[in-house]
Structure formats: C-alpha cells, structure tokens
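The values are calculated or read from the model by the stated rules, or taken from the named source; none is laboratory data. As the structure is a prediction and not an experimental result, all values here were calculated from the model. Cβ: placed from backbone, ideal geometry, glycine included. Neighbour counts: every protein chain shown.
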Amino acid sequence: MEETRRRKSFILLASEAEGIEPELLREGLSSGEIVLPRNARRNEIRPVAIGKGLKTKVNANLGTSEDRADLQFELEKLAVAIEAGADTVMDLSTGGDVDLIRRAILEESPVPVGTVPIYQAWIQCIESKRPLVEATADEMLDEVRRHIEDGVDFITVHCGVTRRSVEILSREPRVTDVVSRGGTFLFEWMSYHKKENPLYERYDEILDMAKAHEVTLSLGDGMRPGCIADASDKAQMDELVTLGELVERARDKGVQVMVEGPGHIPLDQVKANVCMEKTICKGAPFYVLGPIVTDVCPGYDHITSAIGGAVAAAAGADFLCYVTASEHLRLPDLDDVREGVIATRIAAHAGDIAKSVAGAADWDLRMSRMRKKLDWEGMFSLAIDPEKARKLRAASPSSIEDVCSMCGELCSLKNLRSTLKQE
C-alpha cells in the first residue's frame, strides 16, 4: 500500500515537471511508450519520465577505468553533470572497487542511476585471473541481481546479441567489428562456448528480478555500428528485431523497458533508424548514443553527437546519451562532462522544438524578448549555460554599456528602437 502511494506521488511530480496532466503520463506508462525509472528502494530521487510527447532527456556517463579509479573524482563528475542539467547518470566503472563506487553514486545522486551489470562479470574474471570467456551464466545473472538489489534504477542488458549475431558477422564482416564492451564480451563468450547468450536465454529471470524491484530495463545495442561504414547493416537490424520481441515480453510481465540505439550513423540515416525502432519495438522509448554522424572528429565528438542527437530527437528519439570531447581518446575530465551535458541538452532542446514538445519554443521566445530589450541579466537567466554566457560577455566589455562588443553603435536592436518607437 505504501509503495503504491509513493508511486502515485512520483507520477504526479513527474507530470508537473513535464507540464502535462497526470492521466497522460499514466496512459504512456500503461502503453509502454513512457518509462519512469526508479528502483523501489530509491524514494528520494527526482522523477524523470522518458518517452512519447515528453521533453527529450539527457544522460551523462560516469565511471572509473583501470587507469584511473578515483571515487572522489567520480563524485565530482556526478556533481558537475547534475549542475549542468543531466537528467540521469550511468555508472560504467571498470576499475577499482566498483561496488563501493556504484553504491556511493547511488547515495549521492538526486537523479536516476543506470549501470551495465555485465561489466562486473568481466571484472570478476580479471580479478581472479581467469580468461573472460570463463565467466559463467550464473555469474552474469548474479551481477544483474547485485546491481538491482543495490538500488540501481535502470540497467543495460545486452539480451539482443545472439548466436545469430555471431553467424551474421562471420558472413558479413564489418570495418570496426563490435565496439560495444558488453556486446564484445558476449560475442566472444558465445563464439568460445558455442552456446546462446545467457542474458537472452534466461531473459525471464532478468524480468522477474526487474519486476520485483520496479527496475527499468534498457535493452542494449551490443551490435551497434562503430563507424558510419557499418551503419544500418544486417547485424544491427537483426539485433533490433530481437529487441522488439524482448520489448513485448517485458511488457507482458509488467516490466518497464526502453531500447538503446546505434552509435555511428550518417546523418541521412538517423531519422530512418529512429522510425524503424519505433515501429519494430512498438513505440518503446528510444535511448540513443549520439548518434555520431562522422568518424573524423576526435576531440570534437560532443559536437558530432549533438548534430546527430538533434536530428534523432526531432525524429522521435526520447533519451540522448551524451558523448564528450574525449570520446575515443581518454576518460573524460570535469570540463568534458560539463561540455558534453550542455552540448547534448542543446541537441535535445532543438529536437523538442522540432517535434512541438509543450513549452519548448516558449523558452526561446522568452530569450528573444530579452534579447530585443538588451536585457542582459534576463538573457543570462534564460541561457542554457548562464556561467559561460556571463564569462564571455565580461571578457570583452563594450564601450557602450547596453550593447555587446560585436556591433557597438551599429547594434540593430538598439538602433531600430527609435525608428519603431519602441522602448
């Protein structure tokens, strides 16, 4: 009874945040076109609804690596991501005490937290000096259980990578093969054991665990393309069809589910990929990485992904995972996290304007009115990154107080006031 009351309150708060009627949110949750990630053990987190008709949400990835495992650094990244406006975070730690790190992030995060449990089965093998392929099916499922019981709100599970994926890729090789860490691990495991993916084979057990704790499943794209040359190939499409089947099985069990989307996709294929996911997966919320629309921009992939993310969001993607400038190069630092979140928020908002999400264009209209009045404080208050806007203006002050140093006396907005007799 108490959990039911809390859930009703959570739905009400989520609908208020979206500016929609609670009944619309309930309808989306009932149809599976909206998810509201929250582990039953996590009562004090910000409600974040993801799906049809809602604001496009932004996720920031955190997490250690073997080269840098610093809990305090990860908590600082968490704080920066939240301050920059991330709606959710994912802990993808693979170095250090990953249990301690995950639990600390869960303790500190005011927003939903996601993880990829399969990574920890991999880590266990490394720590016990076993080949990765010696991980057992039980160990993989145990890690899913451990993360869910710790309180994680949504988990990525690569259930769509199957023996058929292995066969397709062996017949039709790719330029970059498999770039998903979880997908690679399972691909190697299946190739070695000549057995089916345990996460696919024992999917019903995963559903039961998720159902017991009200955890949202994020069906991972283990066969996502790692370069634009591999985009929309048979391996990717075959996995998507499998994910569509798994979405229906999750809904039949009353488990919230969303679908993860491709990484590197040429700009002209982004909309088609979104439409295919929405059709094949019966409107399940689509969670996309990027998409990254060109492969030649190391150091600028927060920009390449924001371009793809804006097109994806406009086409109907519901949830964008940020990409930082450090993608493909190193573990991101605090500045990378901040810029990655901001760039992805820009993409999300541009998409929301294009698909007429309630209130999206109103934000821009308010900014335009402040700009017309040369109301700098008003502009700063509405800026997606007020800190940077203030910093840039202060760095180059104009000799004329109410304009900027770009146009000065030639400011169009100021000079037209007298002509149009406006204040």
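Quick notes on this structure:
- Residue in the range 213-220 that is assigned to a helix (DSSP H, G or I) and among the aliphatic types (A, V, I, L, M) present: no
- For the range 289-304, the candidate set comprises residues that are under 23 Å from Gly114 (Cα atoms) and in a loop (DSSP other than H, G, I, E, B); within that set, the residue that is modelled with the lowest pLDDT is Gly290.
- Once the range 356-374 is narrowed to residues that are surrounded by 15 or more Cβ atoms within 10 Å (Cβ to Cβ) and modelled with pLDDT of 95 or more, the residue that is nearest to Lys414 (Cα to Cα) is Met370.
- For the range 310-353, the set of residues classified as part of a loop (DSSP other than H, G, I, E, B), farther than 30 Å from Glu66 by Cβ and out of contact with any Phe, Trp or Tyr (no Cβ under 6 Å at 6 or more places or on another chain) consists of Gly316 only.
- Cβ-Cβ under 6 Å pairs, at least 6 apart or on other chains, the range 164-176 side over 11 Å from Gln236 (Cα atoms), far side assigned to a helix (DSSP H, G or I) and hydroxyl-bearing (Ser, Thr, Tyr): Val166/Ser191
- Boolean, Arg371 is of a type in the set (D, E, K, R), in contact (Cβ under 8 Å) with a residue 40 or more places away in the chain and under 22 Å from Gly309 (Cβ atoms): no
- Any chance Arg38 is in contact (Cβ under 8 Å) with a residue 24 or more places away in the chain, over 24 Å from Glu260 (Cβ atoms), in the same structural domain as Val288 (by TED's automatic domain parsing) and not in a helix (DSSP H, G or I): no
- Ile307 vs. criteria out of contact with any Cys (no Cβ under 6 Å at 6 or more places or on another chain), surrounded by fewer than 19 Cβ atoms within 10 Å (Cβ to Cβ) and part of a helix (DSSP H, G or I): no
- Among the residues of the range 226-254, the ones that are over 30 Å from Pro298 (Cα atoms), small (Gly, Ala, Ser) and under 22 Å from the mean Cα position of the chain (by Cα) come to 2 in all.
- Tallying residues that are closer than 21 Å to Gly226 by Cβ and touching a residue at least 60 places away in the same chain (Cβ under 8 Å) within the range 293-321 yields 7.
- Single residue of the range 1-35 satisfying the filter (part of a loop (DSSP other than H, G, I, E, B) and modelled with pLDDT of 90 or more) that is surrounded by the most Cβ atoms within 10 Å (Cβ to Cβ): Gly32
- The set of residues from the range 122-133 being free of Cβ contacts under 8 Å to residues at least 60 places away in the same chain and on the phi < 0 side of the Ramachandran plot comprises Ile123, Gln124, Cys125, Ile126, Glu127, Ser128, Arg130, Pro131, Leu132.
- Any chance Asp87 is in contact with a Ser or Thr (Cβ under 8 Å, 6 or more places away or on another chain) and in the same structural domain as His302 (by TED's automatic domain parsing): no
- Some residue of the range 9-31 being more than 25 Å from Ala350 (Cα to Cα), under 18 Å from the mean Cα position of the chain (by Cα) and not β-branched (Val, Ile, Thr): no
- Any hit, the range 273-288, residues being within 12 Å of the chain's Cα centre (by Cα), in a helix (DSSP H, G or I) and not aromatic (Phe, Trp, Tyr): no
Residue-wise test of (1) over 19 Å from Ile292 (Cβ atoms); (2) without any contact (Cβ under 8 Å) to a residue 24 or more places away in the chain; (3) crowded, with 24+ Cβ neighbours inside 10 Å; (4) charged (D, E, K, R).
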| residue | (1), (2), (3), (4) |
| --- | --- |
| His213 | yes, no, no, no |
| Leu217 | yes, no, yes, no |
| Asp221 | no, no, yes, yes |
| Cys227 | no, no, no, no |
| Thr242 | yes, no, no, no |
| Pro262 | no, no, yes, no |
| Ala272 | no, no, no, no |
| Met276 | no, no, no, no |
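- Selection status of Ile101, in contact with a Ser or Thr (Cβ under 8 Å, 6 or more places away or on another chain), modelled with pLDDT of 95 or more, of a type outside the set (Ser, Thr, Tyr) and assigned by TED's automatic domain parsing to the domain that holds His193: yes
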